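The block underneath contains the structure these notes are about, expressed in C-alpha cells.
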Amino acid sequence: MTSPTYLRDLAPDDSGVFWVSEVDDRERASDGKSRYGAYLRQNLHLFDPWDEKSVGSDPVEFVTVAWQVATSPVMAPPYLHCRWDRLLSAKIWRADTGAAVANLELVSSAPSELERSGLARSWNSWSHSRSLGAYLEPSEQVMAQRPTLLPRVNLLCPVLADQLHRPSPAWPGCLPGSWTRDC
C-alpha cells in the first residue's frame, strides 16, 4: 500500500510515515522466515473466504485485519513501525461510507489558552525519551504530586480504495473448511 501524499509529506524524509523491517522480522522469527507470517498463520480464520466473519475479498476488511495483526498489541514489537515519535496508536476501520479510515492518535502540546495562562507550565506533561524514540506519560508517583496534562490529537486520514491490496477470492479447488490446511 502506498502512502497518500499527505502522509508522505509528514514523514521526516519523505519516505512515508510507516515502514516494515523485513530483516528484523526474519531475525525474530521462530521459524527463521517471518514473525508476521507466523502471526498471520495463527489468525488464518480471519481470512477464511467461506466464513461470514472473515475478510473475504473485501480490500477494506483485509487491510483492517492485516493492520491489526501487524501492530501492537498483537505483535510487540510490531511488524509495522512508525517514524513519528509522537504516535500513540494507529488503527484502521471501515467508515459508514464503506471507505477505510486511519485514526492516528498523536501526542500534542498544551492548548494555547493554557500556555498563555501559565497554568500548563507548572503541571506534569509528556516527557520525551530519546533512547526509546517516544513520548511517555509521567509515572503514577509523579502524577500524584501535581496535575498532569496529556494532550492528544487524532488525525483521521482516508485510505484510498485504489491503494489497498485486493485479496483474491478463494483459490480454485479449495473447499469450505479445508482451505487453511489443503490450499
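The values are calculated or read from the model by the stated rules, or taken from the named source; none is laboratory data. Remember, predicted model here, so these are calculated numbers, not experimental data. Every residue, glycine as well, gets a Cβ built from its backbone with ideal geometry; the counts of neighbours run over all protein chains shown.
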**Message:** Can you pull out every residue in the range 113-165 that is over 23 Å from Pro77 (Cα atoms) and among the polar types (S, T, N, Q)?
**Reply:** Ser117, Ser122, Asn124, Ser125, Gln141, Gln145, Thr148, Gln163
**Complete:** Every listed condition ((1) touching a helix residue (DSSP H, G or I) at 6+ places or on another chain (Cβ under 9 Å); (2) surrounded by 11 or more Cβ atoms within 10 Å (Cβ to Cβ); (3) among the basic types (Lys, Arg)) holds for Arg152 save (1)
**Message:** Given the criteria free of Cβ contacts under 8 Å to residues at least 12 places away in the same chain and closer than 21 Å to Glu22 by Cβ, does Arg130 qualify?
**Reply:** no
**Item:** Members of the range 68-97 found to be farther than 21 Å from Arg41 by Cβ and in contact with a helix residue (DSSP H, G or I) (Cβ under 7 Å, 6 or more places away or on another chain), listed by number
**Value:** Ile92, Trp93, Arg94
**Asked** Of all residues in the range 60-99, which are surrounded by 14 or more Cβ atoms within 10 Å (Cβ to Cβ), closer than 20 Å to Ala29 by Cβ and free of Cβ contacts under 8 Å to residues at least 60 places away in the same chain?
**Response** Trp67, Gln68, Val69, Ala70, Thr71, Val74, Met75, Pro78, Tyr79
**Request:** Would you tally the residues in the range 74-93 being within 10 Å of the chain's Cα centre (by Cα) and either at pLDDT 85 or above or basic (Lys, Arg) (or both)?
**Result:** 9
**Message:** When you check Glu105 against the structure, is it part of a helix (DSSP H, G or I), out of contact with any helix residue (DSSP H, G or I) (no Cβ under 8 Å at 6 or more places or on another chain) and modelled with pLDDT of 90 or more, yes or no?
**Reply:** no
**Within the range 98-117, tally of residues that are in contact with a strand residue (DSSP E or B) (Cβ under 9 Å, 6 or more places away or on another chain) and not hydrophobic (A, V, I, L, M, F, W, C)** = 3
